[in-house]
Structures are given as structure tokens and as C-alpha cells.
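Step one of this worksheet: look at the structure below.
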């Protein structure tokens, strides 16, 4: 009985969403046809001015974000509004960049890797240094050996440190510097870890796709991304250069 009720509710929700989406699309299409047909001035004498101001503001926003992004990457010091530039980049420019890149035939990996690199540049220019307890090393579960039976998601110290995967080196890095270290299997667990640890900066390891989405989800919390290596393909026995990770960590650690 309960499953039937839940199934019916889901169907109603799905039908409602479809109907609502269809209605909005129809309204927008109708407006796109009606406005040029009857003319903006026939709607209201100030309608052309309002539309011009809105489009002008959008143009200024895009130009400001683009120029700020370029200057933030090129200049050795951060701009006064570096954080807002990073926010616009993450929330607006990445989706547009992805659409343009696909239209030009670029691969998703190239697009997202370039975004991660630019994001890292902005984070490096924006942030100072923090105590070890305010830095979180967030790792993907695919770093763990696929034949290992230990559960590390909720307690990474369950690792036996056998040395067959990078987790051993990551634990040594954590013990050496005193930072937080956690393994997440997805966005929900990653968010829970962030809420618990309350870091000032996250150094995250993942593939290009998960890093890009993680950077977007975590904003305004800054994320410095380190790409993993995938000798056996995605999500299976991946690795991470410990030296690269330690170099990134050294940049954010307060002595």
C-alpha cells in the first residue's frame, strides 16, 4: 500500500514538474514572438530603455568578470574583488565555457582541466596561510586499493598502512603536518565532512569532472584542486603524486 502511494506521489510530482516546465517554456516562446511583433514601445514608452539598461548591466557584468579573471591570473597580486571574480567564474563562466567548448569540439576534460587550473590560480592569489587544523585534505575513495576490505569513509584510521595504495602516504602527510584528512565517496559525504571539520581551505584530489563539480558545490569555501592519476581508468585504483600534494599543502600552511 505504501509503495503504491509513494509511486503515485512520484508520478504526480513528475507530471507536475513536466507541466510546469512546459508552461514556462511556452510562455517564454510566446513572449519571444509577441514582443518583436507588437514592439516594445507599444508595451510601455520606457520599455526599450529598461531593456537597454538590463542588457547594458549584463554586458558590464560579463566584461568585468572576464577582465577581472584575466588580471587575477596574470597579476602577481590579487585584485580587491578577487573573491567575487572567482565566484562569477565558478557560477557563470564555467557553464558558458563548457557550452562554448562543446560547440567548438573541445573535450570535456580539456575544458574542466583549464577551469581547475584557473581556479587554483585564483585561490592561491586570494588566500593567505592557515593553522593545520583549518586545512582539509579531501580524497576520493578510488585511491583505496579496490581489493581492500577496510572501510575508510567514516574513519580513515581503519587503514592498516600496508602501502599498497596512496592512503598510507596520505596518512603520513597528515601525521607530519597535523592537517585534517578524509575520504569521501560522493558529494553528500563530502559536505558532511566539511560541516564537521569547518576548514578555511580544502585541498581536494579527484578526477577533472568531480573536481569541477566539487569546486562549484563548495563555493564560497575555496578549493584547491589536484588531479588524480588513473592508470587503470576512472574510479579504479587511482593514485596521486604525494609530492605535488605536499607542495600545495606547504603553500597554505602557517609555519
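The values are calculated or read from the model by the stated rules, or taken from the named source; none is laboratory data. Remember, predicted model here, so these are calculated numbers, not experimental data. All Cβ positions, glycine included, derive from the backbone under ideal geometry; neighbour counts span all protein chains shown.
At a glance:
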| quantity | calculated |
| --- | --- |
| Residue check for residue 250: closer than 18 Å to residue 122 by Cα and in a strand (DSSP E or B) | no |
| Segment 105-136, residues that are part of a helix (DSSP H, G or I) and either loosely packed, with under 13 Cβ neighbours inside 10 Å or free of Cβ contacts under 8 Å to residues at least 24 places away in the same chain (or both) | 109, 110, 111, 114, 117 |
| Single match in 188, 176, 168 (criterion: at negative phi and at pLDDT below 90) | 188 |
| Sole residue being surrounded by 15 or more Cβ atoms within 10 Å (Cβ to Cβ) and touching a strand residue (DSSP E or B) at 6+ places or on another chain (Cβ under 6 Å), chosen from 189, 193 | 193 |
| Failed criterion for residue 127 (all others in (1) more than 17 Å from residue 203 (Cβ to Cβ); (2) touching a helix residue (DSSP H, G or I) at 6+ places or on another chain (Cβ under 7 Å) hold) | (1) |
| Scope segment 173-227; condition closer than 17 Å to residue 144 by Cα and without any contact (Cβ under 8 Å) to a residue 40 or more places away in the chain; matching residues | 174, 186, 189, 226 |
| All positions within segment 137-146 that are surrounded by fewer than 20 Cβ atoms within 10 Å (Cβ to Cβ) and part of a loop (DSSP other than H, G, I, E, B) | 145, 146 |
| Helices (runs of 4 or more DSSP H) within segment 147-226 that include 3 or more residues within 15 Å of residue 248 (Cα to Cα) | 167-177 |
